[in-house]
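The values are calculated or read from the model by the stated rules, or taken from the named source; none is laboratory data. Note that this is a predicted model, so its numbers are computed, not measured. Using ideal geometry, Cβ is built from the backbone for each residue, glycine included, and neighbour counts are taken over all protein chains shown. We work out accessible area using only protein heavy atoms, side chains counted, and drop any ligands, DNA or RNA first. Shrake-Rupley method; radii C 1.70, N 1.55, O 1.52, S 1.80 Å.
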Amino acid sequence: MKAVAAGLIIVIVLSVGALVATSSGVLLYQEKSADGYLCGYFTGIGTLTTPSYAVTGCPWIVSVDR
């Protein structure tokens, strides 16, 4: 059980590190707004909220300018 927990922690740390290193964000939530969608992304060190005017909603992965 300890080995499984340690493995999950390693995967989580590496995933967050990859998001920070590649300046990427992964979609956490999307809300319908009057003129499109409001998209919330996890960037590894915080969250980013941005509008999307696409008919299909928010993209799953985005590049973040730092």
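Things to note:
- Output for the range 24-54, where each listed residue is open to solvent by 80 Å² or more (accessible area, probe 1.4 Å), more than 15 Å from residue 65 (Cβ to Cβ) and part of a loop (DSSP other than H, G, I, E, B): 34, 35, 53
- Check on residue 21, open to solvent by 60 Å² or more (accessible area, probe 1.4 Å) and over 11 Å from the mean Cα position of the chain (by Cα): yes
Conditions (1) at pLDDT 90 or above; (2) of a type in the set (A, V, I, L, M), marked per residue:
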position: 11; (1), (2): yes, yes
position: 28; (1), (2): yes, yes
position: 32; (1), (2): yes, no
position: 37; (1), (2): yes, no
position: 41; (1), (2): yes, no
position: 48; (1), (2): no, yes
position: 52; (1), (2): yes, no
position: 58; (1), (2): yes, no
position: 65; (1), (2): no, no
